[in-house]
Amino acid sequence: MDKTVPIDIPSLMEGFEHHLAMQNMAENTIRSYLFAVRQYFQFYPKLIGSDLQLYKLYLLEHYKPRTVNLRIHAMNAFLDYVEWPESRLTQVRIQQKGFLDHIISEGDYEYLKTRLLNEERFLYYFLVRFMAATGARVSEVICFTVEDVQAGFKELYSKGDKIRRIYIPADLQADTLDWLKGQGRRSGDLFLNPSGERISADGIRKQLKRLAARYHLDEKVLYPHSFRHRFAKNFIEHCDDISLLSDLLGHESIETTRIYLRRSSSEQKAIINKVVDW
């Protein structure tokens, strides 16, 4: 049976936003959920099963499968919120590649660190080190504080009031404390923009593109999540505990983590060239 939402959609959206916030969801996740639901109501004024299917069809025609699933996930969360779970939309199947690509290589990562350090670009020197040495998402790394560095870890709340601890390796902790000491900083946000405010994720992405051009690095591998991938690849090469890696990365399913057991296409090609001689 079809169900119609209350006429006051803005109030309903406000309630849904509060509901998401109470689940300790990241701000970016909340924004994406709200965007999907608002997009639906731009096309369809009522919450009707047939219109939900039409919305899914629209998504399939205009977006890539991964984006489609993100929007569907958001709509399903909304359907749960309005207590109409029987109309949940099924997600589309994404064909997984048998390889990983667009991950900064160990050599390029070391080269980038060296250039940043030599040019005394300490903000980005420590930013890329934190992303690559902790596995933190860019939305998480900008939340680090001086107090977290002093403690040696940061604790984040995730879905279901679960606590995830992001550890700061001892060498990185010591180097960061020396940097902070030189600046006379003892508290507050760790990564600041020129105005003295917490740096933004968008600002980091834009600056990384500039650094790619400056240092003649491939722009496709110089983006924030690339360093998280680098952490995972390095970790799995030095420690085969994929369950621990999954916990450190904050993955809900270990299946998500298994992608790091795969090799990049260039690594696959190198192995083939070395092994196949027939």
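Worth a mention:
- From 251, 216, residue being part of a loop (DSSP other than H, G, I, E, B) and at pLDDT below 90: 251
- Of the set (1) outside any helix (DSSP H, G or I); (2) over 22 Å from residue 22 (Cα atoms), all apply to residue 165 but (2).
- Top-ranked residue of the range 98-129 - restricted to ones that are part of a loop (DSSP other than H, G, I, E, B) and among the β-branched types (Val, Ile, Thr), ranked as modelled with the highest pLDDT: 104
- Scan of the range 180-209 for residues that are of a type in the set (Asp, Glu), free of Cβ contacts under 8 Å to residues at least 24 places away in the same chain and not in a loop (DSSP other than H, G, I, E, B), ordered by number: 202
- For the range 138-154, the criterion of a residue being among the aliphatic types (A, V, I, L, M) and either without any contact (Cβ under 8 Å) to a residue 24 or more places away in the chain or in contact with a Cys (Cβ under 8 Å, 6 or more places away or on another chain) (or both) is satisfied by at least one position.
- Residue match in the range 38-60 (condition: among the charged types (D, E, K, R), farther than 30 Å from residue 162 by Cα and open to solvent by less than 60 Å² (accessible area, probe 1.4 Å)): yes
- Reported count of residues in the range 37-52, each being in contact with a helix residue (DSSP H, G or I) (Cβ under 9 Å, 6 or more places away or on another chain) and either among the polar types (S, T, N, Q) or closer than 11 Å to residue 13 by Cα (or both), is 4.
- Output for the range 211-256, where each listed residue is of a type in the set (D, E, K, R) and open to solvent by 40 Å² or more (accessible area, probe 1.4 Å): 214, 218, 219, 220, 237, 240, 241, 247, 252, 255
The values are calculated or read from the model by the stated rules, or taken from the named source; none is laboratory data. As the structure is a computational prediction, the values presented were derived from the model and not from experiment. Heads up, the Cβs are rebuilt from the backbone with ideal geometry, glycines too, and the neighbour counts pull from every protein chain shown. Side chains are part of the model used for accessible areas, which takes the heavy atoms of the whole protein and leaves out ligands, DNA and RNA. Shrake-Rupley method; radii C 1.70, N 1.55, O 1.52, S 1.80 Å.
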